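**Q** Before I ask anything, let me first share the structure, which is written out below as structure tokens.
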Amino acid sequence: MDFSLRPEDVRWRDVAREFAQNEVAPIAREMDEKGEMPMALIAHMAKLGLLGSTLTKEYGGSGMSHLAQALVYEELGRACSSVRGFVTVHSSLVIQCINAWGSDAQKKKYLDKLATGKEIGCYCLTEPEAGSDAAGIQTMATHAKGGYLINGEKIWITNANIANIALVFARTADLEDAKPHERISAFIMRTDSKGFDRERMPGKELGHRASDHAHIHFHDCFVPEDQMLGAAGQGFKVAMSALDHGRLGVAAGALGVHQACMDASLDFTRKRRQFGKRIADFEMIQSALAEMKMTLEASRHLVYHAAWKKDQGLDSTLETSMAKLHATEAALKAASDAVLLHGGRGYSNEYPVERYYRDIKGLQIYEGTSHIQRIVIARQIVGKEK
Ligand code: CAA
């Protein structure tokens, strides 16, 4: 068993680390306060090859391994979850999904532009009445001349206000007699299509404040027949397989948040003096630091192992859900402890730990809550009754 990283994976990690620490971390607080992410960051990431990640060069990608991609997400997440979240949706949920399910013509049409950041993608699954129950979506695709008319709404759609391309999951009217998950189809839609209306989600979010989240309405929005992704009725599997990539991205992002909590806590507790010594020398503080380090490394092994399985071409649904569940829960506890270790200072945005604490809660929820990950894990290990 070899736990060392390959030189090419380390190179991608270092590219992402340099970008994240020099370009993102210094403005993360400002982005959080303003509630927006500069578009220049996207162009910069595209130039570095961080958006095309696992795609081959043929489609404008960087040809990196899944492990390298996880390392990139970890480094971005260490600096800012909003930036990491943008890339995970764009690259893992959209690019990798089109790459896996698209026809040659669809791949040629979309992938290069997405990989090079000329166009931005979003993934439209969640609805007001269908969050965890993804097969329960109500958005409807009805056959029209040469394609489908889409009607319905989607909420919490990351990147959607700035996206050019939307992956839309809808019930197919022709398949209404099928089981719920067998009547869903996936479509690639342009966001400038007539009847595609979007607005920012109302209210101020707890975390991820620099992320863009939209509420979308489809009013007789036409999508040509050849823009269906996969076959009619395959949409649920398309959505779930995309989430297998996206969830690993979230897990790796959580690992990054956890690492940032570790770095900040070590730095602060070594400098802060009380009762005549560094607080890092008190056993109760050390207990918290030791726990934080142990759970960090446990998450790291789960995340890297899931990525390694993807690189071997093996099914990784189980490993991905275990990685997402563990990494997000452990990072949530680490962020809570990091705030506590910083005392009163941790409670204000003078230090970044309060942002980590607010952001990490989102990772526990989106792309399948911790409850859903437990369901996926249990179904994988129990198996179907024969
Ligand atoms: N890959 C391929 N196929 C899969 C799959 C996967 N990972 N998981 C399930 N399937 C298949 C199953 O094999 C089954 O196929 P068969 O009928 O041929 O056997 C079919 O899909 C139905 O599977 P289930 O019976 O398990 O379906 P279910 O309705 O019970 O749902 C669930 C299972 C795990 C709860 C699923 O609904 C789920 O993951 N829910 C959470 C949805 C989610 O993560 N939403 C977040 C959306 S993205 C977001 O947060 C916002 C954003 O902007 C990114």
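We did not get these values from a lab; they are worked out from the coordinates using the rules stated. Only a predicted model underlies this, so the values are computations on that prediction, with no experimental measurement involved. No Cβ is skipped: glycine too gets one built from the backbone with ideal geometry, and neighbour counts run over all protein chains shown.
**Q** Please tell me the relative contact order of the range 50-123 in percent, rounded to the nearest whole number, where contacts are Cα pairs under 8 Å and at least six residues apart. Could you put the intermediate results ahead of the total?
**A** Numbers: 90 pairs, mean separation 27.9, N = 74.
Contact order relative to length: 38 percent.
**Q** Please give the residues of the range 97-120, grouped as numeric ranges, whose backbone N is less than 17 Å from a label point set 7 Å along the Cα-to-Cβ vector of N164.
**A** Backbone N within reach: 98-99, 106-120.
**Q** Tell me, Kirkwood radius of the range 238-382 from alpha-carbon pair distances, in Å?
**A** Numbers: mean 1/r = 0.0632 Å⁻¹.
Hydrodynamic radius (Kirkwood, Cα pairs) of the range 238-382 is 15.8 Å.
**Q** Right, another one. On the principal axes of its Cα set, how long, how wide and how thick is the range 72-209? Give whole Å, largest value first.
**A** 47, 37, 28
**Q** What is the angle, in °, between the Cα long axis of helix 370-382 and the longest principal axis of the Cα atoms in the chain? Nearest 10 is fine, range 0 to 90.
**A** 70 degrees
**Q** Between K34 and S348, with labels modelled 7 Å along Cα→Cβ, what's the label distance in nm to one decimal, could you check?
**A** With each label point 7 Å from Cα toward Cβ, the separation is 2.3 nm.
**Q** Pairing the Cα long axis of helix 39-48 with the longest principal axis of the chain, what angle in degrees results, from 0 to 90 and rounded to the nearest 10?
**A** Its long axis makes an angle of about 90 degrees.
**Q** Three principal axis extents, largest first, for the C-alpha atoms of the range 195-317, in Å?
**A** 72, 42, 15
**Q** Within the range 113-178, which GluC sites (Glu not before Pro) sit in a loop by DSSP and count at most 11 neighbouring Cβ atoms inside 10 Å? List each step's numbers first, then the result.
**A** Details: sites: E119, E129, E153, E176; in loops: E119, E129, E176.
Qualifying residues, ordered by number: E129, E176.
**Q** In vacuum, with every alpha carbon of the chain counted as one equal point scatterer, what does the Debye formula give for log10 I(q)/I(0) at q = 0.07, 0.14 Å⁻¹? Two decimals, please.
**A** For the chain at q = 0.07, 0.14 Å⁻¹, log10 I(q)/I(0) is -0.31, -1.19.
**Q** What is the gain in length, in nm to one decimal, between T142 and E297 on full extension, counting 0.36 nm per residue of separation less the C-alpha to C-alpha distance? Kindly include the intermediate steps, with their values, before the conclusion.
**A** Numbers: separation 155, 0.36 × 155 = 55.80 nm, distance 4.91 nm.
Contour length minus Cα-Cα distance gives 50.9 nm.
**Q** Moving on. How much length would be gained if the chain were fully extended between Q312 and D220, taking 0.36 nm per residue of separation minus their Cα-Cα distance, in nm to one decimal? Could you put the intermediate results ahead of the total?
**A** Values: separation 92, 0.36 × 92 = 33.12 nm, distance 4.28 nm.
Extra length from Q312 to D220 when fully extended: 28.8 nm.
**Q** Multiply the residue separation of D197 and A173 by 0.36 nm, subtract the distance between their alpha-carbon atoms, and state the gained length in nm to one decimal. Could you put the intermediate results ahead of the total?
**A** Numbers: separation 24, 0.36 × 24 = 8.64 nm, distance 2.18 nm.
Length difference between fully extended and current span is 6.5 nm.
**Q** Quick one: compute the contact order of the chain, relative version, from alpha carbon pairs under 8 angstrom and 6+ residues apart, as a percent.
**A** For the chain, the relative contact order is 16 percent.
**Q** Hey, what did the range 238-382 get for relative contact order, percent, Cα under 8 Å, at least 6 apart?
**A** Values: 167 pairs, mean separation 46.5, N = 145.
Result for the range 238-382 is 32 percent.
**Q** For helix 317-341, report the angle its Cα long axis makes with the longest principal axis of the Cα atoms of the chain; keep it between 0 and 90° and round to the nearest 10°.
**A** Result, in degrees: 40.
**Q** Just to be sure I understand: of the beta bridges DSSP finds with both ends in the range 30-169, what percent are antiparallel, rounded to 5?
**A** Numbers: 6 of 10 bridges.
Counting only bridges with both partners in the range 30-169, antiparallel ones make up about 60 percent.
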